[in-house]
Amino acid sequence: MEEGKCKNSLATGDNGCGTLQVDIDLQPGETKELIVLMGIGAAGVEGKQAVQETGNPLKVREEFQKLKQYWHSRIAGMSTATPDAEFNSMFNMWNPYNNLITYAWSRAASLVYTGERDGLGYRDTVQDMLGILHSIPDEVKHRLELMITGQVSTGGAMPVVKPFCSQARQGKTAERTRVSLRRLHVAL
């Protein structure tokens with residue numbers, strides 16, 4: 001970008017960044033509206049379908065409103081109104097948003113935590129649920145039911161729960177967790 005244009009260079013060092021460049025000339029007071037559609041698939045197949053479905057400004061605005069409503073519904077579980085607008089913004093929007101992102105992605109960077117190698121770390125995964133329980137209780141309940149399969153009847157827990165082979169996914173309850181699962185269903 002030193003010369004004001006993309007160079008179509010390859011990324012090196014496992015920290016690539018994708019860019020798009022569109023040159024637009026505007027007269028004073030002139031406006032133009034652009035729609036950038038990105039996705040996965042062949043341009044002639046999936047790309048054409050995406051343009052047909054969402055390639056007009058009205059549809060883009062409609063979908064953007066749906067997206068805003070979706071996110072507002074996910075962070076609306078608890079709110080406050082104080083005389084301090086900055087505190088309200090932090091408490092009502094940024095804290096729940098950060099908790100949602102932590103819940104969804106904090107374990108995604110590791111093969112251990114995505115379950116592809118060893119499974120979900122019990123303590124960290126359960127901790128992530130605490131900050132977002134009030135916003136997405138059904139999703140948290142589902143993950144908690146999975147995680148509780150790693151708890152033993154003495155109160156301790158296995159360090160890792162394997163989501164792809166857990167007893168809960170198979171509709172079974174391991175004998176060592178039966179007591180804990182009964183308590184869980186009563187509590188939730």
- Task: Run residue 138 past the list (1) part of a loop (DSSP other than H, G, I, E, B); (2) at pLDDT 50 or above; (3) open to solvent by 50 Å² or more (accessible area, probe 1.4 Å) and report the number of the one that doesn't hold.
- Result: (1)
- Task: Note down all Cβ pairs under 7 Å where the first residue falls in the range 66-94 and is among the β-branched types (Val, Ile, Thr), the second is open to solvent by 80 Å² or more (accessible area, probe 1.4 Å), and they're at least six residues apart or on different chains.
- Result: 75/97
- Message: Only one of 80, 31 is in contact with a Phe, Trp or Tyr (Cβ under 7 Å, 6 or more places away or on another chain) and loosely packed, with under 11 Cβ neighbours inside 10 Å. Can you tell me which?
- Response: 80
- Query: Does any residue of the range 103-111 turn out to be closer than 19 Å to residue 77 by Cβ, modelled with pLDDT of 85 or more and surrounded by fewer than 15 Cβ atoms within 10 Å (Cβ to Cβ)?
  - Reply: no
- Query: In the range 161-180, which residue that is crowded, with 18+ Cβ neighbours inside 10 Å and among the hydrophobic types (A, V, I, L, M, F, W, C) is modelled with the highest pLDDT?
  - Reply: 161
- Note on the structure: Residue count, the range 49-82, condition in a helix (DSSP H, G or I) and under 19 Å from residue 34 (Cα atoms), comes to 16
- Task: Would you confirm whether any residue within the range 63-71 is under 30 Å from residue 90 (Cβ atoms) and in contact with a helix residue (DSSP H, G or I) (Cβ under 9 Å, 6 or more places away or on another chain)?
- Result: yes
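The values are calculated or read from the model by the stated rules, or taken from the named source; none is laboratory data. Everything numeric in this text was worked out from a predicted model, so none of it was measured. Cβ coordinates were reconstructed from backbone atoms using ideal geometry, including for glycine residues, and neighbour counts include every protein chain displayed. Just so you know, the surface numbers come from the protein's heavy atoms only, side chains and all, with ligands and any DNA or RNA stripped out. Shrake-Rupley method; radii C 1.70, N 1.55, O 1.52, S 1.80 Å.
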